[in-house]
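The values are calculated or read from the model by the stated rules, or taken from the named source; none is laboratory data. Since this is a predicted model, take the numbers as computed values, not measurements. Because the Cβ atoms are built from the backbone with ideal geometry, glycine has one as well, and the counts that use them run over all protein chains shown. Heavy atoms of the whole protein, side chains included, go into the accessibility calculation; ligands, DNA and RNA do not. Shrake-Rupley method; radii C 1.70, N 1.55, O 1.52, S 1.80 Å.
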Amino acid sequence: MSIWSRISKLVKDPPPEHVFEFSEAGIAFAHPSNGQNGAGTGFAPFEPGTLVPSPVEDNLRRPEAIASLLSQIAPPNGTKKRRPAAVILPDYAARVSVLDFVSFPSAPEEQLPLIRFRLKKTIPYDIDSAAVSYFVQPSKNGQKMPGQKIEVVAVTVALEIVARYEALLRGANFHPGEVTTSALAALNLYRVPEQSGEVVIFAKLAGRALSLMVLAGDSVKLFRCVDLEGAGEAEILSVLQPTFAYVEDELGTPARRLVLCGFPNGALAGVNRETEALRSRLGSPGAFNAGLLGYLEGVEN
């Protein structure tokens, strides 16, 4: 299993029979248990306003319409047993943070309270009413050097937001055993460059949500998800340029490459960097299915 697979999963269960990626545009879906290459992927669109990603407000504005669509995607199988399903949330419904620690406890029961304390003032809701998952990124060469900080990727979602998605799926006779977010799942499609020290910015655009990940080798150094006003080129560049400056100031090296997903024609003008489009052998990753394709590749690896 790749490091990206380990980072991307908030909850770990056996591979599910169904995978659903929710977005404002619709539901990207797959049925991995059928054993077919590509896992029978598809996309079912929503009417506008059916789902509105938010970290603090109910995302599911028309739950009856979404439930109806789920029953068409995966009709009931005639049994009362709930079918295992993985759920991929919109990026803007969650918060992803990269925390660094001078020292970090080894016992899980001591790690989570410390992470919750660090996150307390960074999220727009009460940390006690949030689901928190985290991954301790391995040190270079597997050993912590003197003075080197321990980096932890932490994911928070308001319990009320998660509960609404889970209730929707349970009502359709699914068991939502695994939950992640679109950008984290899409990381499985990213190939670590041969030059292990190279810093890359992974930019994913989904509607008005722009997710930026700064990647150094197989480590996440920064994660941002910004709700844009119009998602125009100038506005996107106004978010990207400070990120380039941050990389050079904080990491001591420029980000020379930009990996894009969800951008029209797979490109972004006005960026003086090498760019490339995210790719998958299972299909063409776009704004609203990259998480699904990344999840599927992560399950296979």
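Collect the residues in the range 57-88 that are open to solvent by 40 Å² or more (accessible area, probe 1.4 Å), out of contact with any helix residue (DSSP H, G or I) (no Cβ under 9 Å at 6 or more places or on another chain) and not β-branched (V, I, T), keeping them in residue-number order. Scanning the range 57-88 gives R61, R62, E64, S68, S71, Q72, P75, P76, N77, G78, K80, K81.
Within the range 256-278, at least one residue is in a strand (DSSP E or B), acidic (D, E), more than 30 Å from A30 (Cβ to Cβ) and touching a residue at least 12 places away in the same chain (Cβ under 8 Å). For the range 199-227, a tally of residues being open to solvent by 10 Å² or more (accessible area, probe 1.4 Å), modelled with pLDDT of 90 or more and of a type outside the set (A, V, I, L, M) returns 8. Taken across the range 230-243, residues that are of a type outside the set (S, T, Y), part of a loop (DSSP other than H, G, I, E, B) and in contact (Cβ under 8 Å) with a residue 40 or more places away in the chain do not occur at all.
Within the range 87-115, if we keep just the residues that are modelled with pLDDT of 95 or more and more than 14 Å from Y134 (Cα to Cα), the residue that is nearest to the chain's Cα centre (by Cα) turns out to be D91.
Would you point out the residue of the range 9-38, among those that are open to solvent by 40 Å² or more (accessible area, probe 1.4 Å) and of a type in the set (G, A, S), that is modelled with the lowest pLDDT? Only one residue tops the list, namely G35. All told, G298 meets the bar of being crowded, with 16+ Cβ neighbours inside 10 Å, touching a Ser or Thr at 6+ places or on another chain (Cβ under 7 Å) and over 20 Å from E151 (Cα atoms).
Contact annotation: residue pairs with Cβ atoms under 6 Å, 6 or more positions apart or on different chains, pairing a residue in the range 16-30 that is farther than 19 Å from S54 by Cβ with a partner that is acidic (D, E) and part of a strand (DSSP E or B), are A28/E21. Of everything listed in (1) part of a helix (DSSP H, G or I); (2) open to solvent by less than 30 Å² (accessible area, probe 1.4 Å); (3) under 18 Å from L99 (Cβ atoms); (4) not basic (K, R), the single unmet condition for E250 is (2).
Would you point out the residue of the range 55-76, among those that are assigned to a loop (DSSP other than H, G, I, E, B) and touching a residue at least 40 places away in the same chain (Cβ under 8 Å), that is nearest to the chain's Cα centre (by Cα)?
Going through the range 55-76, the residues assigned to a loop (DSSP other than H, G, I, E, B) turn out to be 55-59, 61-62, 74-76.
Filter again for touching a residue at least 40 places away in the same chain (Cβ under 8 Å), leaving 55-56, 58-59, 74, 76.
Working: P55: 14, V56: 17, D58: 19, N59: 16, A74: 23, P76: 28 Å.
Selected residue: P55.
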